[in-house]
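Report on the structure given below.
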Amino acid sequence: MTVRAVVRGVGHYLPERIVENAEFEATLDTTSDWIVSRSGIERRHFAAPGENTSDLGASAALAALADAGLGAGDIDAIVLATSTADLTFPSAATMVQAKIGMTQGFAFDVQAVCAGFVFALANANALILSGQARRILVIGAETFSRILDMNDRATCVLFGDGAGAVVLEAAEGNGDTGDRGILAVDLHSDGRLRDSLYVDGGVSTGKSGVLKMQGKEVFRHAVEKLADTASAALGKAGLGHADVDWIVPHQANLRIIRSTAARMDIPLDRVVVTVQDHGNTSAASIPLALSVGKASGKILPGQLVVTEAIGGGLAWGAVALRW
Ligand code: UT7
């Protein structure tokens, strides 16, 4: 008998306020055409004043629990990926735990920036495979609007706020590639590349800071590394590119998404794309796309899904799973 971590439910939450590209034209030397042509982004959501990452995460968690037909009392752990926790500590995960009325189990944050949800899935999978938890809420939640320099046209037009969540549950598999659940994980980081994407604040600085990005440099790494890590995860699972039903990529830039799919020889109609509506929501982008992909009838039980992401660190990775 092989234990697998199977997705039992998925859900998401987006703040009410939608910011169209045109809004930036009023304050910055930019155009909607530039933003669309360079990134594919048309709009994004921004959290309301007083609406924080743990609020977004709690709403997504409740949506995922409802989809799974479960309550907060059925969950053993919360693993929450974020780089924009409400406070330096406690973790946003423990805040979500309290907000959804979960009084048992344990909760912690994972910080791997835009790759955070992939790292959180890997952590939750390991907890389930080692028998430490049977059901885990894995959440990606971000309020990147709070760490943007609204005068930096090269970054502030790219990011948005949101949250997505899945309920992972231990299930019995046969130990072969037909099993539902997480089949393989591939993770990487290279701390030498920290200056290409970082926030210039934190406890060593006395301020929370704003996001700084060398866009071209990150773009180059993304194009190189994402197809490699997705292929590596598939290889570890004993599968190939032709087996993939859906790529659910980190939603940073449509050009990166296209080029990753092309390198894997996978047509764009087998890729879930939400970047036009959400912008880059960092660790929230993959669970948001999973939730939208399921709700729109694209992702179906038994299908092979590959998620891949890269972000600050740099940190990158992929998960191959059967839905
Ligand atoms: O989620 C974490 C991972 N992050 C990413 O994957 C992001 C990776 N990078 C990218 O997506 C792209 O590099 C960007 C979308 C950020 C930028 O696209 P690009 O094609 O690399 O443009 P660029 O940075 O080379 O800028 C081209 C020009 C520059 O002007 P000059 O120097 O050629 O005169 C920029 O100043 O576009 C200018 N520019 C803008 N123009 C109008 C930069 N931002 C804007 C803007 N509106 N908002």
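How much mean residue ellipticity at 222 nm does the chain get from its helices, if each DSSP H run of length 4 or more adds -39500 (n - 2.57) and you divide by all residues, to the nearest 500 deg cm²/dmol? Walk me through the numbers on the way to the answer.
Values: 9 runs with 98 residues, N = 323.
Calculated from helices alone, the mean residue ellipticity at 222 nm is -9000 deg cm²/dmol.
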> Which whole-Hz ³J(HN,Hα) couplings does region 239-246 yield from phi under the Karplus relation 6.51 cos²θ - 1.76 cosθ + 1.60, θ = phi - 60°, glycine and proline marked x?
Replying inline: 10, x, 4, 5, 7, 6, 8, 9
> Where is the GNM fluctuation largest for the chain (alpha-carbon springs, 10 angstrom cutoff): Pro49, Pro90, Pro249?
Replying inline: Pro49
> Which percent, nearest 5, of DSSP beta bridges in region 2-173 are antiparallel?
Replying inline: 70 percent
> If you look for lysine pairs in the chain that are eight or more places apart or on different chains, how many of them have Cα atoms under 29 Å apart?
Replying inline: 10
> In nm, to one decimal, how far is the modelled label at Ser208 from the one at Thr88, with both set 7 Å along Cα→Cβ?
Replying inline: 1.4 nm
>> Just to be sure I understand: of the beta bridges DSSP finds with both ends in region 219-323, what percent are antiparallel, rounded to 5?
In response: 60 percent
> When the chain is treated as a GNM, springs tying every alpha-carbon pair under 10 Å, which of Gly293, Gly140, Gly164 comes out with the largest mean-square fluctuation?
Replying inline: Gly293
> Once the dipole of region 2-173 is set up with Lys and Arg at +1 and Asp and Glu at -1 on Cβ about the Cα centre, which of Leu87, Phe24, Val118 lies farthest towards its positive end?
Replying inline: Val118
> Antiparallel DSSP bridges in the chain: what percent, to the nearest 5?
Replying inline: 75 percent
>> Leaving ligands and nucleic acids out of the surface, order Phe119, Phe108, Phe89 by accessible area at 1.4 Å, largest first.
In response: Phe89, Phe108, Phe119
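Working with all protein chains in place, sort Thr143, Thr205, Thr27 by solvent-accessible area computed with a 1.4 Å probe, largest first.
Values: Thr143 5, Thr205 65, Thr27 105 Å².
Highest to lowest solvent-accessible surface, that is Thr27, Thr205, Thr143.
Summarise the accessible area of the chain (1.4 Å probe, protein heavy atoms) by the percent that is carbon and sulfur.
Working: 6460 of 12730 Å².
Solvent-exposed carbon and sulfur of the chain make up 51 percent of the total.
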> For the chain, what is the accessible area per residue in Å², given a 1.4 Å probe and the full set of protein chains?
Replying inline: 39 Å²
> Of Met1, Tyr198, Ser231, which is farthest along the charge dipole of the chain in the positive direction, counting Lys and Arg as +1 and Asp and Glu as -1 at C-beta?
Replying inline: Met1
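The values are calculated or read from the model by the stated rules, or taken from the named source; none is laboratory data. Since the structure is predicted, the reported quantities are computational estimates derived from the model, not experimental observations. We place every Cβ from the backbone using ideal geometry, glycine too, and count neighbours over all the protein chains shown. For accessibility, only protein heavy atoms count, side chains too; no ligands or nucleic acids. Shrake-Rupley method; radii C 1.70, N 1.55, O 1.52, S 1.80 Å.
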